[in-house]
Amino acid sequence: MTFNRFYLRIVFYSLLASLLVIAAFNGSVRADHREMEGVELTVYNHDLALVKERRIMELPAGIGELRFTEVAALIDPTSVWFRSLTEPKVRVLEQNYEYDIINDGKLLQKYLGQKIRMTTVKGDNYEGYLIGAGANLIIAAKPDGGEVKVIKSEQLQAVFFPEMPGGLVVRPTLVWLLSNPNKAGKQQVEVTYLTRGLSWKADYVATVNQLEDRLDLIGWVTLDNKSGSEYKQAKLKLVAGDVNRVPETMRPEAEKVFLMRAAKEEAADAGFAEESFFEYHLYTLGRSTTLKNNQVKQLELLTGVSVPAQKLYIYEGALNPKKVKVMLELKNSKENNLGMPLPKGRIRVQKADSEGSLQFVGEDWIDHTPRDEKIRVYLGNAFDITGERIRTEAREPSKNIREESYRITLRNHKQEAVKITAIENLNRWNEWRIIKNDCDFVKTEAGKVEFTTTIPAGGEKAINYTVRYKW
């Protein structure tokens with residue numbers, strides 16, 4: 001008999017004792033005797049979910065106790081909200097969260113100093129007061145001593161406990177002390193709480209056509225449930241956005257989450273419907289789904305067919321003097337067969353080779369993207385395009401003025417012409433102006449300009465400019 005088998009038997013008899021005690025317990029009403037009416041699950045990006053359940057439950061009359069066992073193991077007990085929809089006058093006088101889950105070690109610790117029985121693999125029976133519970137069990141003939149025996153773990157066949165000790169539960173349990181002005185009977189109740197252990201993320205797969213001017217996009221939602229509970233046939237909602245949460249030491253009412261009405265913008269049959277939600281976006285699945293504990297589930301979020309796209313070559317010489325980035329740009333608009341606000345996530349891009357086999361060409365992260373905004377996906381660095389950036393001159397014509405000149409040289413080793421955008425960050429001082437340039441540019445934001453030029457096949461081109469800073 002191995003040590004592990006010994007402890008497995010302890011767990012077996014512990015659970016058996018638990019079931020016997022639970023079956024005999026009639027001092028309170030249990031939530032197991034209820035009819036499920038529905039589960040609503042709102043999952044946030046970062047390890048947080050709001051669980052809302054409506055059930056028909058048997059409530060005691062007057063002041064009585066109600067035990068509710070089927071809750072997430074990672075529940076935040078301070079966020080629990082209980083109310084009776086049948087009788088609004090039902091009040092919660094007290095709430096206790098019991099989470100000391102039974103296991104072999106805790107069971108033995110609870111029985112230190114108390115009488116237990118053991119059976120060995122040879123069929124010998126022992127009875128005594130447990131005074132030690134380590135690798136071996138130590139029992140004494142009397143509570144205060146007497147003959148002492150050490151029973152080695154490999155000799156044990158079974159350990160018997162007279163009853164389930166107090167303070168241990170089979171699963172996390174909420175216990176309410178209720179005041180019910182009505183007689184005992186069934187009522188419709190609603191229970192809402194926050195829990196950790198649930199999160200979701202978005203993943204996208206884009207397939208680029210041969211001309212690299214259009215792509216097909218599919219978005220997936222990946223749900224990960226490690227909350228310690230199963231949610232059967234739940235109405236699923238996902239919140240996309242950066243929701244602020246306070247540290248554990250500061251948990252005011254602000255952490256409680258309340259949903260509000262919002263106008264629907266997009267919908268899909270049995271898929272996700274998107275709607276505005278406070279300063280975030282809410283995605284509601286058009287059908288119920290079951291999310292098991294310790295399960296990763298994927299659901300389709302969106303599809304976009306033949307989305308216009310543009311391949312860009314971007315050179316940022318101040319950051320990487322030799323490499324030219326390859327990017328895909330698309331606009332999240334209805335005209336482009338998209339238009340649903342996109343949750344942040346990873347996007348993987350693939351393209352068919354000459355034999356028609358799809359090959360992976362790069363991936364990137366995109367941020368939360370509203371409709372009608374552009375997305376740039378960085379795929380990697382160009383093999384046949386290189387760059388060089390040097391400062392050709394720097395001078396200070398006066399005390400508060402500095403001028404700097406740069407030359408950017410771009411080389412194209414491809415067999416076709418390419419258009420390249422060189423990005424320059426002019427943020428040395430707040431006040432700046434380009435006073436000389438041989439290539440047109442646009443100012444895209446404060447301290448940033450873009451030069452765009454076309455390089456012929458097998459050729460090169462230089463971009464020269466001078467910037468004047470003033471302070």
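Values as computed for the structure displayed
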read-out	value
When residues of the range 388-434 are limited to those that are basic (Lys, Arg) and under 22 Å from GLU445 (Cα atoms), the one modelled with the lowest pLDDT	ARG428
Residue in the range 1-10 that is at pLDDT 50 or above and more than 19 Å from the chain's Cα centre (by Cα) present	no
Single residue of ALA73, ALA135 found to be in a loop (DSSP other than H, G, I, E, B) and over 30 Å from VAL51 (Cβ atoms)	ALA135
The range 444-458 residues that are assigned by TED's automatic domain parsing to the domain that holds ASN427, paired with ones that are among the acidic types (Asp, Glu) and surrounded by 14 or more Cβ atoms within 10 Å (Cβ to Cβ) (beta carbon under 7 Å, 6 or more apart)	THR444/GLU450; VAL449/GLU424
3 or more residues touching a Ser or Thr at 6+ places or on another chain (Cβ under 7 Å), among the basic types (Lys, Arg) and in the same structural domain as PRO77 (by TED's automatic domain parsing): qualifying strands (runs of 3 or more DSSP E) within the range 167-216	none
Given (1) closer than 30 Å to THR86 by Cα; (2) part of a strand (DSSP E or B), index of the condition SER229 fails	(2)
Any pair with Cβ under 6 angstrom, 6 or more apart, that starts in the range 37-58 at a residue that is at negative phi and ends at one that is aromatic (Phe, Trp, Tyr)	VAL39/TYR231; LEU41/TYR231; VAL43/TRP200; VAL51/TYR193
Any hit, the range 80-95, residues being assigned by TED's automatic domain parsing to the domain that holds GLY38, at pLDDT below 90, among the hydroxyl-bearing types (Ser, Thr, Tyr) and crowded, with 16+ Cβ neighbours inside 10 Å	no
Residue that is nearest to the chain's Cα centre (by Cα) [pool: residues in the range 116-130 that are among the charged types (D, E, K, R) and part of a strand (DSSP E or B)]	ARG117
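For (1) under 21 Å from VAL305 (Cβ atoms); (2) without any contact (Cβ under 8 Å) to a residue 40 or more places away in the chain; (3) basic (Lys, Arg), each residue gets a yes or a no:
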site: VAL326; (1), (2), (3): no, no, no
site: GLU329; (1), (2), (3): yes, no, no
site: GLY339; (1), (2), (3): yes, no, no
site: LEU342; (1), (2), (3): yes, no, no
site: ASP353; (1), (2), (3): no, yes, no
site: VAL361; (1), (2), (3): yes, no, no
site: GLY380; (1), (2), (3): no, no, no
site: ILE390; (1), (2), (3): no, yes, no
site: ALA394; (1), (2), (3): no, yes, no
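The values are calculated or read from the model by the stated rules, or taken from the named source; none is laboratory data. Quick caveat, the model's predicted, so the values are computed rather than measured. Glycine gets a Cβ as well: all are built from the backbone with ideal geometry, and neighbour counts include every protein chain shown.
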